[in-house]
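K.L.:
One structure is given below, represented as C-alpha cells, and several questions about it will come after.
The values are calculated or read from the model by the stated rules, or taken from the named source; none is laboratory data. Keep in mind that this is a model prediction, so the values were computed, not measured. Note: ideal-geometry Cβ built from the backbone for every residue, glycine included; neighbour counts use all protein chains shown. SASA here: full protein model, heavy atoms, side chains in, ligands and nucleic acids out. Shrake-Rupley method; radii C 1.70, N 1.55, O 1.52, S 1.80 Å.
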Amino acid sequence: MMPHINILGTKVDVLTVNELHNYIAEHSKDQRKALILHANVYGLNLAVNLQWLREFYNLADIVFCDGAGVMLAARILGYRIPERITYADWMWQIGEFAADNSITFFFLGGRSGVAEKAKSVMQKRFPKLKIVGTHHGYFDKQLGSQENTYVIKLINQANPDILLVGFGMPLQEWWLMENWGQINARVALTGGAVFDYISGELHRGPKWMTDNGFEWLARLLIEPKRLWKRYILGNPLFLYRVLKQRLELSHFD
C-alpha cells in the first residue's frame, strides 16, 4: 500500500510518477483490478459535500495529486507530496511507458471524434502504443440503458489493460462506481478533459503559469464562463477548509 494523507476527509496517496507507473504495470498484466483516481481542488471540494464521492475516493486503490492546490494543502497540514501528476503533462509520460511495456488503452470520453483524434495524436508520437478502442462520452449513462450496455460491451470486446475515462468530475467517478464491476479492463483511470488536451481541442496556458502553480488561472482565462465558480469561489473555500482542518489538528498536537 502507498502512504497517504487525509485532506478534508479524502485520502491522497503520496507517490511519484515512477511509482505510479510501476503500480500500473503490475496491475495491467494480472487479474487484480486497480481503480486509480486523481484529486484536485475541485474534486476534494466536491467530496466534502458528496458522501458517495468521498467514499469512492477512499475505496480507490490509488488517488494521486493532480494540482498545485493539493500540494499546498498537504504542506499546510504538515506533509509533503513529491510531485503533482497532471494529465496534460502525464499522458505523454504514461503513453511512452505503456508503449515500451506493451500496455494497451481504451479511450472513453469527450465529444464525438475527440477521443479518436487523441488516439491519432498519441500513436503518431508513440508508434508502438496500442489504443485498442475509443468512444465518445455523449451517451446515455444510466445503468442498464441500451447505450450504456453497448459501451461496456465495446470495452470488454477490446479487453484493454487501461480504461481511461474522461467525462469530467463527478460524472466520471459516478459512472465508474456503477459500472466498474462489469468492465474487463485491469486498470481504470479518470482523466477529466484529458482527450481535449491531447487532441489539441483545448490549449494550456503559458509554461510560466502551468509550472508555477497557476494552471488554474490559465484554465480560468481560457474558459471563464464555465470555470469561474470552480476557481473564484472554490479555491478560497478550499483554502479555508484546509486551514480549518489544520487548526483542528493543532488541538491534538
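K.L.:
With the requirement that a residue be under 10 Å from PHE106 (Cα atoms) and over 14 Å from the mean Cα position of the chain (by Cα), what does the stretch 157-189 give you?
P.N.:
Answer for the stretch 157-189, where residues must be under 10 Å from PHE106 (Cα atoms) and over 14 Å from the mean Cα position of the chain (by Cα): ALA158, ASN159, PRO160, ASP161, ALA185.
K.L.:
Another question, if that's okay. If you check ASN156 against the conditions, is it more than 15 Å from LEU189 (Cβ to Cβ), open to solvent by less than 10 Å² (accessible area, probe 1.4 Å) and part of a helix (DSSP H, G or I)?
P.N.:
Against the criterion (more than 15 Å from LEU189 (Cβ to Cβ), open to solvent by less than 10 Å² (accessible area, probe 1.4 Å) and part of a helix (DSSP H, G or I)), ASN156 does not qualify.
K.L.:
Cβ-Cβ below 8 Å, separation at least six or inter-chain, first residue in the stretch 75-102 and over 27 Å from PHE238 (Cβ atoms), second surrounded by fewer than 20 Cβ atoms within 10 Å (Cβ to Cβ) and among the aromatic types (Phe, Trp, Tyr): which pairs?
P.N.:
GLY95/PHE126; GLU96/PHE126; ALA98/PHE126; ALA99/PHE126
K.L.:
Working only within the stretch 1-38, note down all residues that are under 13 Å from VAL187 (Cα atoms) and aliphatic (A, V, I, L, M).
P.N.:
Within the stretch 1-38, LEU20, ILE24, ALA25, ALA34, LEU35, ILE36, LEU37 meet the criteria.
K.L.:
What do you reckon, is ILE162 of a type in the set (A, V, I, L, M) and either touching a helix residue (DSSP H, G or I) at 6+ places or on another chain (Cβ under 7 Å) or open to solvent by 40 Å² or more (accessible area, probe 1.4 Å) (or both)?
P.N.:
Here the answer is yes, as ILE162 does meet what is asked.
K.L.:
If you check ASP89, ASP140, which single one turns out to be at pLDDT below 95 and surrounded by fewer than 21 Cβ atoms within 10 Å (Cβ to Cβ)?
P.N.:
ASP89
K.L.:
Pull up the stretch 20-39, narrow it to residues that are in contact with a strand residue (DSSP E or B) (Cβ under 9 Å, 6 or more places away or on another chain) and without any contact (Cβ under 8 Å) to a residue 40 or more places away in the chain, then point me to the one that is surrounded by the fewest Cβ atoms within 10 Å (Cβ to Cβ).
P.N.:
It comes out as GLU26.
K.L.:
Return the residues of the stretch 31-50 that are at pLDDT 95 or above, over 12 Å from the mean Cα position of the chain (by Cα) and over 17 Å from LEU227 (Cβ atoms); say none if nothing qualifies.
P.N.:
If the condition is that a residue be at pLDDT 95 or above, over 12 Å from the mean Cα position of the chain (by Cα) and over 17 Å from LEU227 (Cβ atoms), then ALA34, ALA47, VAL48, ASN49, LEU50 are the ones that fit.
K.L.:
If you don't mind, there's one more thing I want to ask. Hey, could you check the stretch 41-65 for residues that are touching a residue at least 60 places away in the same chain (Cβ under 8 Å) and outside any helix (DSSP H, G or I) and say which is most open to solvent (accessible area, probe 1.4 Å)?
P.N.:
Among them, the one singled out is LEU50.
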